[in-house]
Amino acid sequence: MAWNGAPDAPPTVRIAALVPSLARGERKVAEAIAADGERAVDLTAQELADAVGVGRASVVRTAQTLGYEGYPQLRVALARERAFAAAVPEVAEGSLGVVQAAVDRFARALPHTAAALTEDVVEAFVAALDEAPRLVIAASGLSAPLGHDVAMRLTSAGRPAEFLSDSLAQHIAARHLGAEDVLFVISGSGANAASLHAADAARAAGARVLALTAFARAPLVSRATTALVVPPVTDSFQDELLQTSRAAFALVIEALVEALVVRRGPRGRGAREATLSVVSDSLGE
């Protein structure tokens, strides 16, 4: 399975989304490119293969898996991405420096957050959120807070949504969905066992499955009716496992709810006004 996301997505975004599922040789090539894109631009396919310790064919296959005709086209795309990359700002020492570095890293990745998305996939995703008679959210582990967040945001937008914090309860709710209903699964890795069980239960019930994940070849993607891939903001798959940031997911969820409100027109605006009225009444002096 080669890259099938947005055609203008830069190489680092494609690598972040695909690297966990690449074959060993291709993964070594992709990780070497991600670690030092400037060097990769200056190397031929054979030179990169020698540096990584694989055959030249692995370099060519990697480029093709990433969606390029060959390695020369990947080199051009790398050069273009680096030419428009923002400079890395200096940060302070100590804990403040750690915080600043993390924020700056996210800021640099932010322009690529939606780079893997395509218009038809996003439209289908938002339409399913809008039209489903019943909408259940499934999210476990570090994605669980996002389950609470999206359920509240959708409900506030006039689109009732259910989130049950217990993973078994999510599984049971998914199994009771109908053919027109939707299960919305949020999983950074796309391989969380509880989330996969819920997705399988929903499919067995004939329901549609929407997925939000970081990796294009994750097991969850193959189970989803429609999947949104938001590549991790970390520098490598190892960093993603250690840091497991969900900041980009939170941003995309907010944007999806806004798209839903716009799609609903007067209904969406009316729901937002009703929500603001309730919020206003709840505020004290």
- Note on the structure: With 0.36 nm assigned to each residue of separation and the Cα-Cα distance removed, D50 to R24 gains 7.8 nm
- Under the rule of -39500 (n - 2.57) per DSSP H run of 4 or more residues, summed and divided by the residues of the chain, what mean residue ellipticity at 222 nm is obtained, to the nearest 500 deg cm²/dmol? -18000 deg cm²/dmol
- Under Karplus coefficients 6.51, -1.76 and 1.60, residue-wise ³J(HN,Hα) of the stretch 21-38 in Hz, glycine/proline x: 9, 6, 4, 3, x, 5, 5, 4, 5, 4, 5, 5, 5, 5, 6, 8, x, 4
- Message: Could you work out the percent of alpha carbon pairs in the stretch 1-103 separated by over 15 Å, rounded to a whole number?
- Response: 62 percent
- Checked against the positive end of the charge dipole of the chain (+1 on Cβ of Lys and Arg, -1 on Cβ of Asp and Glu, about the Cα centre), the farthest of T44, L183, L117 is L183
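Bear in mind these aren't lab numbers, they're just calculated from the coordinates by the rules spelled out. Predicted model only: the values in this text are computed from it and were never measured. Cβ: placed from backbone, ideal geometry, glycine included. Neighbour counts: every protein chain shown.
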